[in-house]
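These notes are about the structure you will find just below.
The values are calculated or read from the model by the stated rules, or taken from the named source; none is laboratory data. Not measured: the values here are computed from a predicted model. Ideal geometry is used to build each Cβ from the backbone, glycine not excepted, and the neighbour counts take in all protein chains shown. The protein model used for the area step is the full one, side chains on, heavy atoms only, and it has no ligands, DNA or RNA in it. Shrake-Rupley method; radii C 1.70, N 1.55, O 1.52, S 1.80 Å.
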Amino acid sequence: MLYPSSPISTLHLLIVQPDFSDVQLIIDVLKEAQKKFTFDFANTPETCLSFLENVQYDAVLSAYEMPNFTVLDLWKWQQELNQTIPLILIADQIEKSMVATCIKAGISDYIEPNNLADLPEVLQRSLVEFALRRQENIALEQMRSSAKREGIINQIVYEMRGTLVLDEVLQTTVDLLHQAFDVSRCLVSLLDRQQHPQVHYASLATANRHHLIGKNCYLFEYYQATLREGNPVFVSNIEQSDLPPDVILTAKEEGIRAFFMAPLVNQEEDIYWGHICLQQCDRFREWTGDDLMLMSTISNQCAIAIHQAKLFEKIQQQASQEQLLNEISRELNSQLEPSYILSRIVQQTGEYFQGDRVVIFSIKNQQVQVVHEWRSSEEVSSLLGFQAPLSEWKEPLADLELQGHCFLADVSENELAYGSSWEQQLYQGNILSLLRVPIYIRDKFFGAISIHSTTKNRVFEPDEIHLLERIADRAAIALYNAQSYERLEQLVKERTQELEKEKILSEAANRTKTEFLNNMSHELRTPLTGILGFSNVLSQDFFGPMNERQKQYLANITECGEQLLNLINDLLDISKIEANEENLHLQTLLVEEVCGACLSLVQERAKNEGLELHAEIAPDARFCVGDSRRIKQIMFNLLSNAIKFTHTGSVTLKVSQNEGKVYFSVIDTGIGIPEAEQALIFEPFHQLDQGLSRKYEGTGLGLALSQKLARMHGGDIILESEVGRGSCFSFWLPLNHELMHTECPIQAWENN
């Protein structure tokens, strides 16, 4: 379009004046300015409205007041007709306030008659201004259209991401598209098993939508090559399309005057799912580039949503199948009665596959016999008890005993003469379609399980066939277990007797071990107590003073005796725990008292080694439940080990409470423990410093005993260590726990 600012444009003007003589002055001025123009003259409301409604003008030149209307009325009519053209006021002897009112209302400019020579310039300026305004309006409308399109796309994508249920996704899509495009119908057609597009979804605003759902899309047959390639099809006028006359006639009978078909194609796998169809029934319609872009985007998103929904549906189906198999296995494994097993299999199979009848037949003594049956209703005829000689069982394309896979049949009445037992079964059972899978027990043919359809022909999918084969395998296993019940029962009985004998021998061995350790500890403690007693008497110089070397040897004797006594005590403790003879005396303990008692025992030793000894007790860690002597024993062992393997630095006892547990952590800055040794550190008699020339003393039982005592309390010991940077042994106790092998019940205690 050429805007009036172009010098070669011919302007078409509407001149509104009370008298034509006033028009002549305007014409003369424009001609003198060499303006090319045509004009219409009006001075009544009726004439003005008629011209404005029927003629497209570039500008309106009007006086302020005419008979029966004013320039403000004229401006109002322009607005009602949505005309964006300049309205220039040419008037004399009107108040400035009235001029201001007109300009404020939207009148583009004002000229007094004595300044009429300025009209060409004012007109040109107004035309340019309104041309720019129209361009801005067009740009704004395009922005609004783009925003609306993006909004629709975002809303549809949002809805698609919000659910994997295909029905919800596609129904929401057709509803939004119907609203966005303001069409008469919005439909989604999907391919059925015969690859025919069938209407599955129609927008809620579509008239008679329920009559459309389920119908085949006859337009697809003509455009399927284009649609399968992923290209859209749109027709603006059905009467001028290249469709065959009979298709056009059918479309016109359904009221279709224009339509747009967007394919739903999985681009990665080149799968055609169906298409979206917009139909305009009230008018012909030109489909724009924006329409094409929007439909292309949404159809691609729909195709992705369908693909994802199909994958989700497949995953759900697989999960459902696995659940069915697990239920069958769990229920069948709980029973060893063959009759019950077979009855449950046909019932669960029929309910899952939603068939009309499920039967299991077996072959025995050269007879084929239906031994179990499930029917969806009483209206389905029964085949239970049906039997026939195997020699007369002429099943087409299948050998019951030799064929190791499934057999499918689509039965047509015209193909049967009912001359064999198999055909008689088909007739008696009114079977239209069937799926049969053999059952083998230890490679021996038992029979088969069959699903029958008696109301309509049914196509069994590969997944369904595979599932039935797996059900047959489960049935074979269950039947084998049932048949082997007596043998297995005898084996279990024999094995139970063997275990009882082993248990008796084990208990006897434990008693012998315990008695031996008790006797040995008594026999060892008696002379050891004497040795320690005599060494203590000698150390007090009751029988005269001793020299320094004698005192040193006496101190060595005492130290060795104490180490031996500790070893005996630890061995006895471990043996009691392993023999389940150790009892805990549980009570509520003050954490601060327990820690203080243990720290006082090792304080002097830490000082002699030049180590700093710290205690950090969290305010909320006030109480714990346990055996006071055993908890102190664990803590003393951990503190002693930390001091023994720390040359410089500090040893810290840190107590905290977290997630229903109390942690006693002994942290040192010592030598650390290699990662390879950490898994063995709690083994009895295992020491970091092995060999004859080892530097550190000890029996290697302290950590093993501490861990066993901690676990008796329902807790444990956790190790964190790094070579050269120290170790952290964390002994934790539960605040609320239940323990076995206790003398008294544990009192429930809550830290309020």
Whether any residue in region 4-21 is outside any loop (DSSP other than H, G, I, E, B) and without any contact (Cβ under 8 Å) to a residue 40 or more places away in the chain is what I want to check.
yes
Tell me, which strands (runs of 3 or more DSSP E) wholly within region 579-631 include 3 or more residues that are open to solvent by 30 Å² or more (accessible area, probe 1.4 Å)?
586-590, 612-617
Can you name the residue in region 519-549 that is in a helix (DSSP H, G or I), polar (S, T, N, Q) and open to solvent by 60 Å² or more (accessible area, probe 1.4 Å) and, of all such residues, is modelled with the lowest pLDDT?
519
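This table checks each residue for (1) out of contact with any His (no Cβ under 7 Å at 6 or more places or on another chain); (2) at pLDDT below 60; (3) not acidic (Asp, Glu).
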| residue | (1), (2), (3) |
| --- | --- |
| 682 | yes, no, yes |
| 702 | yes, no, yes |
| 722 | yes, no, no |
| 727 | yes, no, yes |
| 731 | yes, no, yes |
| 737 | yes, yes, yes |
| 743 | no, yes, no |
Looking at residue 380 and the list (1) open to solvent by 30 Å² or more (accessible area, probe 1.4 Å); (2) modelled with pLDDT of 80 or more; (3) out of contact with any helix residue (DSSP H, G or I) (no Cβ under 8 Å at 6 or more places or on another chain); (4) assigned to a loop (DSSP other than H, G, I, E, B), which single condition is not satisfied?
(1)
So which of 707, 747, 690 ends up being over 25 Å from residue 620 (Cβ atoms), at pLDDT below 90 and in contact with a strand residue (DSSP E or B) (Cβ under 9 Å, 6 or more places away or on another chain)?
707
Scan region 46-84 for residues that are open to solvent by 10 Å² or more (accessible area, probe 1.4 Å), under 18 Å from residue 94 (Cβ atoms) and among the hydroxyl-bearing types (Ser, Thr, Tyr) and jot them down.
64, 70
Of all residues being surrounded by fewer than 14 Cβ atoms within 10 Å (Cβ to Cβ) and either closer than 20 Å to residue 71 by Cβ or of a type in the set (A, V, I, L, M) (or both) in region 1-23, which is modelled with the lowest pLDDT? Just the residue, please.
1
If you scan region 156-168, which residues turn out to be at pLDDT 80 or above and either in contact with a Gly (Cβ under 9 Å, 6 or more places away or on another chain) or not in a helix (DSSP H, G or I) (or both)?
168
Over region 56-71, the set of residues modelled with pLDDT of 90 or more and part of a helix (DSSP H, G or I) is none
Every residue in region 205-230 that is in a loop (DSSP other than H, G, I, E, B) and within 16 Å of residue 188 (Cα to Cα), please.
205, 206, 207, 208, 213, 214, 215, 217, 230
List the pairs whose first member sits in region 126-140 and is part of a helix (DSSP H, G or I), whose second member is among the β-branched types (Val, Ile, Thr), and whose Cβ atoms are under 6 Å apart, counting only residues at least 6 apart or on separate chains?
134/84
Residues within region 299-319 that are surrounded by 19 or more Cβ atoms within 10 Å (Cβ to Cβ) and without any contact (Cβ under 8 Å) to a residue 12 or more places away in the chain, tallied:
0
Qualifying residue in region 235-252 (condition: crowded, with 18+ Cβ neighbours inside 10 Å and touching a residue at least 60 places away in the same chain (Cβ under 8 Å))
no
